[in-house]
Amino acid sequence: MPRHSFIVNGKRVHVDCEGDVRLLWVLRDLLGIHGPKYGCGLRVCRACTCHINGKAFNPCSVPVSDIKSDDEITTIEGLPATVRRELHPMQQAWLNFDVAQCGHCQPGQIMTAVALVEELRASGRPITDAELDQIRNICRCGTYPRIREAIKAGAAMMPAAEPKQHKHKPKHQPKPKPTHRRHEAAPQR
């Protein structure tokens with residue numbers, strides 16, 4: 001069985017699995033990282049959003065074979081370490097604004113928000129309602145007004161970005177391939 005090696009939340013990991021297993025199942029089932037949630041498996045709901053080399057991506061639609069050995073994956077569990085705090089400012093804003101209801105989409109929402117703020121800051125642009133309108137994460141409970149307020153507050157609390165050196169630019173998300181593997185349609189735990 002092929003061995004895959006990459007970095008997750010600052011630690012080198014090694015997993016033995018077929019290359020067509022989606023990264024979400026590698027994170028959840030093989031590595032025991034349950035923050036990224038399964039919602040659709042098609043990169044539509046974005047409940048699984050994580051960061052790869054500092055950019056938002058959806059591991060439900062990426063085969064583990066597409067991940068390079070020096071790729072850095074950050075999940076919601078590793079987000080606080082990126083700012084050397086117990087909670088990332090965006091997570092604290094979520095608590096301050098009592099955003100979560102069922103909580104299923106919240107890890108993906110927070111990871112998307114952080115990536116958006118960092119991208120906008122890098123280009124010298126502020127968070128605007130127009131930018132927030134571009135977020136496509138689905139919240140089944142409809143807490144969008146609180147999500148928007150928390151993003152604005154979290155952005156204001158986030159420290160200035162430190163330049164990161166990533167070896168690869170993140171690839172564009174591949175279109176999901178239909179498959180009948182058990183791991184593809186497994187329900188969340």
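Taking one quarter of the surface of the C-alpha convex hull of the range 6-143 gives a mean projected area of 8.6 nm². Note on R125 and K55: their simple-model spin labels are 1.5 nm apart, each label 7 Å out from Cα toward Cβ. Our estimate of slack between V13 and I138, defined as 0.36 nm per intervening residue step minus the Cα-Cα distance, is 42.0 nm. Counting other Cβ atoms within 10 Å as a rough exposure proxy, the listed residues K37, K152, K11, K55 run K11, K55, K152, K37 from fewest neighbours to most.
When each of E131, E18 is scored by the number of other beta-carbon atoms lying within 10 Å, the sequence from fewest to most is E18, E131.
When D66, D133 are arranged by Cβ crowding within 10 Å, least crowded first, meaning fewest neighbours, the order is D133, D66. Remark: the C102-K68 segment gains 8.8 nm on full extension, using 0.36 nm per residue and subtracting the alpha carbon distance.
Coordinate-derived values only; no laboratory data. A quick note: this is a predicted structure, and the numbers were derived from the prediction, not measured. Neighbour counts are summed over all protein chains in view; Cβ atoms, including those assigned to glycine, are modelled from backbone coordinates with ideal geometry.
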